[in-house]
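To start, I am sharing the structure in question, which I have written as structure tokens.
The values are calculated or read from the model by the stated rules, or taken from the named source; none is laboratory data. It should be emphasised that the depicted structure is a prediction, and the values quoted were computed from it without experimental measurement. Positions of Cβ are generated from backbone atoms using ideal geometry, with glycine treated the same way; all protein chains shown enter the neighbour counts.
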Amino acid sequence: MKKLVSGLLSLAFLAGLAMSGAAFAQEEEHETPHYPLHKPEHVDWSFAGPFGHYDKGQLQRGLKVYTEVCAACHSMDRVAFRNLEDLGYSEDQVRTLAGNYEVEDGPDAGGDMFMRPATGSDTFPAPFANPEAAAASNGGAVPPDFSLIAKARAVERGFPNFVFDIFTMYAENGPDYIHSLLTGYEEAPEGTEIPQGTYYNPYYINGPSLAMAPPLSEGIVTYDDGAPETVEQYSRDVSAFLMWAAEPHLEERKALGFKVIVFLLIFGTLLYFTKKTIWSRIEH
Amino acid sequence: MSEHETTAEPGGEPTRRDFLFLTTGMAAVVGGATVAWPFIDQMRPDASTLALASVEVDVSSLSEGMSLTVQWRGRPVFIRNRTEEEVEAAQAVELAELKDPVARNENIPNAEATDLNRSAGEGMENWIVMIGSCTHLGCVPLGQAGDYNGWFCPCHGSHYDTAGRIRRGPAPENLPVPPFEFISDSMIRIG
Amino acid sequence: MSGDHSTYVPSSGVGKWVDSRLPLPRLMHDSFVSYPVPRNLNYAYTFGGILMVMLVVQILTGVVLAMHYAASTQMAFDSVEKIMRDVNSGWLLRYMHANGASFFFIAVYIHIFRGLYYGSYKAPREILWILGVVILLLMMATAFMGYVLPWGQMSFWGATVITGFFTAFPVIGEPLQQLLLGGFAVDNPTLNRFFSLHYLLPFMIAGVVILHVWALHVTGQTNPTGVDVKTKTDTVAFTPYATLKDALAMVVFFVFFAYFIFYIPNYLGHADNYIQANPLVTPSHIVPEWYFLPFYAILRAITFNIGPIDSKLGGVLAMFGSIAVLFFLPWLDTSRVRSAVYRPWYKVFFWVFAINAVFLGWLGSRPAEGWYVTASQLSTLYYFAFFLIIMPLLGMIETPRRVPNSISEAVLSRKNGGSGQPAAAVSAPEDRA
């Protein structure tokens, strides 16, 4: 019987291998050459692992990078200003921050739409009125919305990494990808033809080059907490910020998970001994 | 699923076993009860509802004797620029005559239901702002109607006076005054 | 076995009053307390109970998610994101539901393979097995439609591809697909009806589960020896013995479930489903959820025409056939011995089948190119050969090992040092109908 149980377990394990095939197989162009040309590099994120938590200072810096650089083209439709309290801002600070933006409201008594300063319950206003306008201003490519980008991008992990990922709890595909992309622009190698108006980036998931020019440069954003004003640092901060934007309840989730699993293990141990005691009455 | 026999077997060690079974059973109960929480929790108003913006209303066009109904938190809010007669009628009422002597004004908790406490305050007595939802069962009362020429709820016949105080009928309380303030001479912020 | 006579004795006046009017407590007592189960069941037999709990988990989380979900192409994606961000405990409920579907399938596949190994489909349990296959089909339909609801890219294109199966049928194909979609492409009507059916089907599953359990309680459970229960010493009472064992297995199962929910909740999903559906752009690589991958591989393995059947129809038929064949399993297996424990050759073929099924799943996640295609074809061949050739033939030519005379004997011989299988004559296989 033991054999069967272990057989089933190993089967379950193998099934695990197969199922993760699904997880990594998406978004991948399998005709040669394979994209991305380079796998994303791993960053040591504060929010990785069973006790992962966001670094509030980093998120605040990331917000700054987003608002001062990315927000010119990328919307973030699902994040409201009130959510920024998660980043360690007070209600008043959030109100002030939101007040810097104008949002459309209405209709007023006369039936006209009007602009008013944003409040905490408004979401970040989009830079373009609609996807068509966004495409027209960006050479035909619509800059994707950033609310979920950190969960909507995952580069194939490949065998056997996707198996190890279960045990190492690797779930930072998104921010790793974003960071690698932002820091990965380089000169196209000799002989590589890339479409006009695109920029070579071997980390790009859908081809050798993308329509977005390298958005970050040294000193483009001023940090007031003494963090280095480098592309590397900007990129890390904004990647972490985007992870927060996509998964705001991550800390809560991991903290609750720890409690649940500890409870289940204690309960399981109790049940094990209860079961053993009861079954000891009979031969089996 | 963890029902168990707690009967001690003859010759066994009743205390230790019973303790084990009891602990296991309790863990099951605690675990089960805790799991129920998210299923109930999800029904409470969500974060976006709670954070709902306050409403700003321009009342400059509201001359004496005119009313406006705006929506706040999904419910109607009456804003009325009352006439002299209405204010006087309301001021003339003795507190003892009132069915509900509490002002029900969120801006001044636990105040008496005088006309001043129901209105927008000193110098603004003509303005009254109330949630237009009958305190009986939530219908929207009709304005300038009923026995007291204030508000009248047609659903079950509750009569409110010109300060929105319940005078007759099944409703238990005065129409509630929401948190509001005049942010300028002509703008009211509710919430 | 069961239904001999009830041992339920109402303890109170109220109990007696109820018992003489609606003997529901008696039914529960006889089904889940005094019900005799073979004493030698191993942990592979705990998955039936786990599946019942998973069905309840899915229905409960589904009902509360439906309180916040909006089945409209304009709002579906936003309402799911609202659940994830704003609704109290919403992220927890949604991750439970999404990962719950996967764990439901993990459990059901283990349950099915256990049945295959121990011959649970053989007489007199044919109806029990067929009801199980019906449940599997309903689960697949439910899972597929549920995956469409978040209205992400993978939802949309998965729905497009899967409803496209029906166009493979000549003449009726196109009208059938349009009937299913309520239009010419996946759109609002499709989403609405999928939501309606996704809500309905789990209750139909629950209904068939009741029949499944009823059938189980008529014939009694199999056990690892495959020998029928003969005397009272072969069995133990369901409560506390089986309930405790089931509960323990369930808690262990839930540890894995919780690990996925809380630490890697998106591991089993697709990143593309966090992009709102766009009918104008197909993701570069479409794959179904992991639990459909083996069937998807079978679909794609048929790249050639078979006589008048073109490869498209052939693929769809092969895919449906891979599940349909399970209905005939009770009559395809000709062996007179029930359990694989006493069938040395079947055991080998069984494990090859299991590994092959996992391999098919992996192939399903690969693009249909190069050697993957050939491998899928070979794997598909073995999948069908296992049921249609190996099972009927092996039963006739295989020499089974000696089957113990009773469950008690098997239990005791194992306890007493397990002298292995005495070289006695092959006993009469247990196959009383």
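Output the residue which, of all residues in the stretch A:68-109 that are of a type in the set (Ser, Thr, Tyr) and farther than 26 Å from residue A:253 by Cβ, is surrounded by the fewest Cβ atoms within 10 Å (Cβ to Cβ).
In the first step, residues of the stretch A:68-109 are kept if they are of a type in the set (Ser, Thr, Tyr); the result is A:75, A:89-90, A:96, A:101.
Going one step further and asking which of them are farther than 26 Å from residue A:253 by Cβ, we end up with A:96, A:101.
Values: A:96: 12, A:101: 17.
Checked the stretch A:68-109; the qualifying residue surrounded by the fewest Cβ atoms within 10 Å (Cβ to Cβ) is A:96.
Give the number of residues within the stretch A:202-257 that are away from chain C (no Cβ under 14 Å), within 22 Å of residue A:84 (Cα to Cα), of a type outside the set (A, V, I, L, M) and not in a loop (DSSP other than H, G, I, E, B).
7
For the stretch A:168-201, how many residues are of a type in the set (A, V, I, L, M, F, W, C) and away from chain C (no Cβ under 14 Å)?
Step one: filter the stretch A:168-201 for residues of a type in the set (A, V, I, L, M, F, W, C), giving A:169, A:171, A:178, A:181-182, A:188, A:194.
Then keep just the ones that are away from chain C (no Cβ under 14 Å); that gives A:181-182, A:188, A:194.
Residues in the stretch A:168-201 being of a type in the set (A, V, I, L, M, F, W, C) and away from chain C (no Cβ under 14 Å): 4 in total.
While we're looking at this one, here's another question. Go through (1) closer than 30 Å to residue B:37 by Cα; (2) within 26 Å of the chain's Cα centre (by Cα); (3) hydrophobic (A, V, I, L, M, F, W, C) for residue C:41 and report which single condition fails.
Failed condition: (1).
Can you tell me how many residues within the stretch C:70-87 are out of contact with any strand residue (DSSP E or B) (no Cβ under 9 Å at 6 or more places or on another chain), away from chain B (no Cβ under 12 Å) and of a type in the set (Val, Ile, Thr)?
Within the stretch C:70-87, residues that are out of contact with any strand residue (DSSP E or B) (no Cβ under 9 Å at 6 or more places or on another chain), away from chain B (no Cβ under 12 Å) and of a type in the set (Val, Ile, Thr) number 1.
Could you tell me whether residue C:295 is more than 9 Å from chain A (Cβ to nearest Cβ), of a type outside the set (Gly, Ala, Ser), within 24 Å of residue C:141 (Cβ to Cβ) and surrounded by fewer than 22 Cβ atoms within 10 Å (Cβ to Cβ)? It would help to see each step written out before you state the result.
Details: more than 9 Å from chain A (Cβ to nearest Cβ): yes; of a type outside the set (Gly, Ala, Ser): yes; within 24 Å of residue C:141 (Cβ to Cβ): yes; surrounded by fewer than 22 Cβ atoms within 10 Å (Cβ to Cβ): yes.
Yes.
Tell me whether the stretch B:65-75 contains one or more residues that are within 30 Å of residue A:118 (Cβ to Cβ) and either in a helix (DSSP H, G or I) or in contact with a Ser or Thr (Cβ under 7 Å, 6 or more places away or on another chain) (or both). Reasoning before the result, please.
In the first step, residues of the stretch B:65-75 are kept if they are within 30 Å of residue A:118 (Cβ to Cβ); the result is B:68-75.
Retained after the next criterion (residues that are either in a helix (DSSP H, G or I) or in contact with a Ser or Thr (Cβ under 7 Å, 6 or more places away or on another chain) (or both)): B:75.
The answer is yes, given that some residue of the stretch B:65-75 is within 30 Å of residue A:118 (Cβ to Cβ) and either in a helix (DSSP H, G or I) or in contact with a Ser or Thr (Cβ under 7 Å, 6 or more places away or on another chain) (or both).
If you don't mind, there's one more thing I want to ask. Counting only residues that are at the interface with chain A (Cβ under 10 Å from one of its Cβ atoms) and either surrounded by fewer than 17 Cβ atoms within 10 Å (Cβ to Cβ) or of a type in the set (Val, Ile, Thr) (or both), which one in the stretch C:323-360 is nearest to residue C:285 (Cα to Cα)?
Ranking the qualifying residues of the stretch C:323-360, first place goes to C:358.
Within the stretch B:122-143, can you find the residues that are closer than 19 Å to residue B:93 by Cβ and surrounded by 15 or more Cβ atoms within 10 Å (Cβ to Cβ)?
Once the filter is applied, which keeps residues that are closer than 19 Å to residue B:93 by Cβ and surrounded by 15 or more Cβ atoms within 10 Å (Cβ to Cβ), the stretch B:122-143 yields B:125, B:126, B:127, B:128, B:130, B:135, B:141, B:143.
Of the residues C:67, C:96, which is within 14 Å of chain B (Cβ to nearest Cβ) and surrounded by 23 or more Cβ atoms within 10 Å (Cβ to Cβ)? So that I can check it myself, show each step before the final result.
Working: C:67 fails: surrounded by 23 or more Cβ atoms within 10 Å (Cβ to Cβ).
It is C:96.
Name the residue, out of A:150, A:141, A:134, that is at negative phi and in a loop (DSSP other than H, G, I, E, B).
Matching residue, one of A:150, A:141, A:134: A:141.
I would also like to ask the following. Since residue C:90 meets every condition but one in (1) at pLDDT below 95; (2) facing another protein chain (nearest Cβ under 8 Å), which condition does it not meet?
Among (1) at pLDDT below 95; (2) facing another protein chain (nearest Cβ under 8 Å), the lone unmet condition for residue C:90 is (1).
For the stretch C:140-182, how many residues are more than 28 Å from residue C:266 (Cα to Cα), of a type outside the set (Asp, Glu) and assigned to a helix (DSSP H, G or I)? Spell out the reasoning first.
At the first step, the residues of the stretch C:140-182 found to be more than 28 Å from residue C:266 (Cα to Cα) are C:166-182.
Among the residues that remain, those that are also of a type outside the set (Asp, Glu) are: C:166-173, C:175-182.
Then drop every residue that is not assigned to a helix (DSSP H, G or I), which leaves C:166-168, C:173, C:175-181.
So the count comes out to 11.
Before we move on, is residue C:363 within 14 Å of another protein chain (Cβ to nearest Cβ), of a type in the set (A, V, I, L, M, F, W, C) and touching a helix residue (DSSP H, G or I) at 6+ places or on another chain (Cβ under 6 Å)?
Yes: the conditions hold for residue C:363.
On the given criteria, is residue C:159 of a type in the set (Gly, Ala, Ser), away from chain A (no Cβ under 14 Å) and buried (at least 23 other Cβ atoms within 10 Å of the Cβ)? Give the steps one after another, and end with the answer.
Working: of a type in the set (Gly, Ala, Ser): yes; away from chain A (no Cβ under 14 Å): yes; buried (at least 23 other Cβ atoms within 10 Å of the Cβ): yes.
When the stated conditions are applied, residue C:159 passes them.
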